[in-house]
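Report on the following structure.
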Amino acid sequence: KAGVTQTPRYLIKTRGQQVTLSCSPISGHRSVSWYQQTPGQGLQFLFEYFSETQRNKGNFPGRFSGRQFSNSRSEMNVSTLELGDSALYLCASSLDGTDLGYGYTFGSGTRLTVV
Amino acid sequence: DQQVKQNSPSLSVQEGRISILNCDYTNSMFDYFLWYKKYPAEGPTFLISISSIKDKNEDGRFTVFLNKSAKHLSLHIVPSQPGDSAVYFCAASGSGSARQLTFGSGTQLTVLP
C-alpha cells in the first residue's frame, strides 16, 4: 500500500511569508502527527490530529497551525516565517495514534528553507 | 530539559559484530519506547518498540532491552551489516489517547565492511 506522502519535498520561502505543507497518510490511518527536525533541536513534536480534531500540541508558537480534512489528509501552516523555521518537517500517520506497537509511519518530509 | 538522551553521537562497528545503541530517559510517565532508523533526506523508519510492561522485545536481528529502574533502554543489532549504517533515534511516549513521541538526539552508526 502507498506510504505517507508529503508535498512539496523542497521549499524556499522568504522571511515574513507564510507556507502550507501537505501530508497524505496511509489509507485507513486517521491520526496524523507533525514533527520538526533541526540540527540544534532535533526532532520535536508539533501537533497531532485525529478525525479532524487537534488532540495534542507541542511547545511551538501560534504561528504554527494545522488542520485535518475528512479524508484524513492534513496540512500545516507556518505564518510570518523566521530564519529559524528552516527545518525538515515530517508527518507521521497511524491508525488511531495509540498503536505504538507498530510505530508511526513517517513520510520523507518537506525541507523548508527560509531566506 | 532533555527527557530522552542518547549520549553517544556516533558508533563504529565491524560487520558481523554486535552494535549496541543506548538511550536514557528521565520521565517516569513514559510507558512506550521505540527505535527508528533514519537516512539523510528521508523520514525515520520504525524498527522496534517495547512497552513498559516488558523488559525485552526481539524482531529478527534487532532486540530492545528496557531497564525501568535505571530508566535505560538499548538496541542490539546482531549481526551488524553495512546497510545498517544510519542515524538511530530512540523515542518515548506517555500514555493517553494522544501519544506524542519525544525523541533523543540520535546516534550515527557506521558498520565497517
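The values are calculated or read from the model by the stated rules, or taken from the named source; none is laboratory data. Note that the coordinates shown come from a computational prediction; the quantities given were computed from them, not determined experimentally. Positions of Cβ are backbone-derived with ideal geometry, glycine not excepted, and every protein chain shown enters the neighbour counts. The accessibility values were calculated without ligands, DNA or RNA, using every heavy atom of the protein model including side chains. Shrake-Rupley method; radii C 1.70, N 1.55, O 1.52, S 1.80 Å.
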Only one of these is in contact with a helix residue (DSSP H, G or I) (Cβ under 9 Å, 6 or more places away or on another chain), touching a residue at least 12 places away in the same chain (Cβ under 8 Å) and of a type in the set (Lys, Arg): B:LYS54, B:LYS37. Name it. B:LYS37
Can you find a residue that is away from chain B (no Cβ under 13 Å), open to solvent by 50 Å² or more (accessible area, probe 1.4 Å) and in contact (Cβ under 8 Å) with a residue 12 or more places away in the chain anywhere in the range A:85-97? no
Tell me whether the range B:73-87 contains one or more residues that are farther than 24 Å from A:GLY3 by Cβ, buried (at least 19 other Cβ atoms within 10 Å of the Cβ) and touching a residue at least 24 places away in the same chain (Cβ under 8 Å). yes
Selection from the range B:29-59 of residues open to solvent by 40 Å² or more (accessible area, probe 1.4 Å), within 10 Å of chain A (Cβ to nearest Cβ) and under 13 Å from the mean Cα position of the chain (by Cα) yields B:TYR32, B:THR45, B:PHE46, B:ASN57
Within the range A:57-64, is there a residue that is more than 14 Å from chain B (Cβ to nearest Cβ), under 30 Å from B:LYS5 (Cβ atoms) and either within 12 Å of the chain's Cα centre (by Cα) or surrounded by 15 or more Cβ atoms within 10 Å (Cβ to Cβ) (or both)? yes
Return the only residue of B:GLY94, B:GLY104 being modelled with pLDDT under 95 and either closer than 15 Å to A:TYR104 by Cβ or surrounded by 19 or more Cβ atoms within 10 Å (Cβ to Cβ) (or both). B:GLY94
